Every structure is written in C-alpha cells, then in structure tokens.
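The values are calculated or read from the model by the stated rules, or taken from the named source; none is laboratory data. This one's a predicted model, so the numbers in the text were calculated from it and none came from an experiment. With ideal geometry, Cβ positions are generated from the backbone for all residues, glycine too; neighbour counts draw on all protein chains shown. Each accessible area value is taken on the protein alone, full model and side chains, heavy atoms only, with ligands, DNA and RNA left out. Shrake-Rupley method; radii C 1.70, N 1.55, O 1.52, S 1.80 Å.
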Amino acid sequence: LSSEDFEAVTRVGDTYSPSLEKILELKPDLILAVEFAHEAIYEQLSEIAPTVLLQYNLDTFEGYLSFKENLRRIAKIFDRKAEAETILDQYQSRVKELRQQLGREPEDIEVTLLLRYSGVYGIPHPEHTSHEIFSDIGLKDSINEARTDSVSIEVLPEYNPDILFIMDYDRNPESFFLENPIISSLEAVKNNRVYFVNPVIWSANGPIGVNKMLDDLFEYLPERS
C-alpha cells in the first residue's frame, strides 16, 4: 500500500504495542481489536471506548475468516451491511472481467505463491487471502490444495506452476531467487512468468488490499503476445 492510502490515518504504534495515549487523544467512538494481540490490554482499551475484540488465532488460523466474511463481520458492527455487499459485488465483477481476459480456461493455469520470511521459504497458509482470490478466479492452485502443513521449496518442481508469484519479506534482489537451481528449473522461470509482488499488499485481508492484488493479477495473469 502507498502513503496516499493512509493520509487520513493516525498511526498509534505497531500491532502488538499500540500507544494507549495516542488512542485516547483520538477520542474514538469504538475500538476494534484482535484477540491475539490485544487481549492483555482489552480492559484498558474498554476504558477509552467500547471495544470489540475480534477472535482468531494467528498461528493456527482458528477462527480466521475469509476477507469477505471479515468485511461482513465489521460491516455488521457498524450497521453497514448493504455497503459491504456492494463492495463484494464489485469484487466479483472484477473477478469475472479478469477471467474473460485470461486467454484460456482458468483451471488450465497452475499458479503458486512462494514466500520468503526471515531466511525461510514457504507457501502461505491455506487460509491466506491470495488462495481465496485464486480460487474465486478458478485458477489451479494444487500445491495449496495438497498441503497439510508448511511446504519446502524442494517440492516446487512436483507442481511446476505455469505462473510463480514470489512474496519476499526479506527484500532480496530478484537474482537471489532466479539463480536458485530449484526455482530456475521451473517452467514459469523458463517462460518469464515469475512475478515479484509486494508482501504488504499480498498480505491483505480487506477490500483495499484485495483490489490492489487484483490490479497485479490483471497485469500478470493474461497471456500477452
């Protein structure tokens, strides 16, 4: 996301250690918090304003909601259910438009999203928003469907995706990945269909980030001459 997306947003600290003083200065009417990060300060937040503690486990994804259901849950809290459905209808319209631009049936396109974080390779958890979007488009995402836990980079050749997305939190140069013999053996590399995506945007679980992910997919998925 860019700085323009947050021009009207006041920063109150990071997720795990927000500044209660800054929150108090904002005089909020309602506070939305998440259990895994804010349960310990729930009472203090409640003294500032009515606080809703959203529950899910970041490690196990227990209670985790799709971005659609998360939007509906928040819309219900604010009595904005109709607006939420309008946003989701617009999302579905964009997905339909993208499917029409692919050049072939979406189920014939194998995609994989590879991430690197703190020196370790992996495939995002099955509940990750990217997999939901791939599924909505109808893309083949076999490595996600087959996994039961974390997946090693060594299994990538078994799936040999047509398109490989790389989400690198460690901010390595592209050559770091393309010179890896396992990655360089993939058809996606040979066909120049490896795309490096912004890990902040691709970690989204809300409509702004999801639409920015769709912007990337409109650019990368259709076959260009």
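Backbone geometry of the range 184-189 corresponds, through the Karplus equation with coefficients 6.51, -1.76 and 1.60 at θ = phi - 60°, to 3J(HN,Hα) couplings of 5, 7, 6, 4, 4, 5 Hz, x marking Gly and Pro.
Ranking Val197, Leu164, Ser152 by how far each Cα lies toward the positive end of the dipole of the range 107-225 (charges on Cβ) leaves Val197 at the top.
Annotation: Tyr91 carries an accessible surface of approximately 10 Å², with a 1.4 Å probe and no ligand, DNA or RNA atoms counted. Over the chain, what portion of Cα pair distances is larger than 21 Å, expressed as a whole percent? Value for the chain: 62 percent of Cα pairs lie more than 21 Å apart. Place +1 on the Cβ of every Lys and Arg and -1 on the Cβ of every Asp and Glu in the range 58-158, take the dipole about the Cα centre, and give the residue among Ser142, His128, Thr86 whose Cα lies farthest towards its positive end. Positive-end residue among those listed: Thr86.
Exceedance of the 23 Å cut-off in Cα-Cα distance is limited, within the set Lys76/Lys96; Lys140/Lys212; Lys27/Lys212; Lys140/Lys190; Lys22/Lys68, to Lys76/Lys96; Lys27/Lys212; Lys22/Lys68. Heavy atoms of the protein chains alone define the surface here; on that basis the chain has 58 Å² accessible area per residue at 1.4 Å probe size.
Site pair Glu105 and Ser175 shows an inter-label distance of 4.2 nm when each label is modelled 7 Å from Cα along Cα→Cβ. Between Ile77 and Ser46, the contour length at 0.36 nm per residue exceeds the alpha carbon distance by 9.6 nm. Label separation (His125 vs Phe36): 0.4 nm, computed from points 7 Å beyond Cα along the C-beta direction. For the chain, the fraction of 1.4 Å probe accessible surface lying on carbon and sulfur atoms is 48 percent. The modelled label-to-label distance for the pair Asp14/Tyr117, using points 7 Å beyond Cα in the direction of Cβ, is 1.3 nm. For the range 12-112, a simple Cβ point-charge model (Lys and Arg +1, Asp and Glu -1, everything else neutral) yields a dipole of about 440 debye relative to the Cα centre.
About its Cα centre, the range 108-190 has a charge dipole of approximately 220 debye under the convention of +1 per Lys or Arg Cβ and -1 per Asp or Glu Cβ, with nothing else charged.
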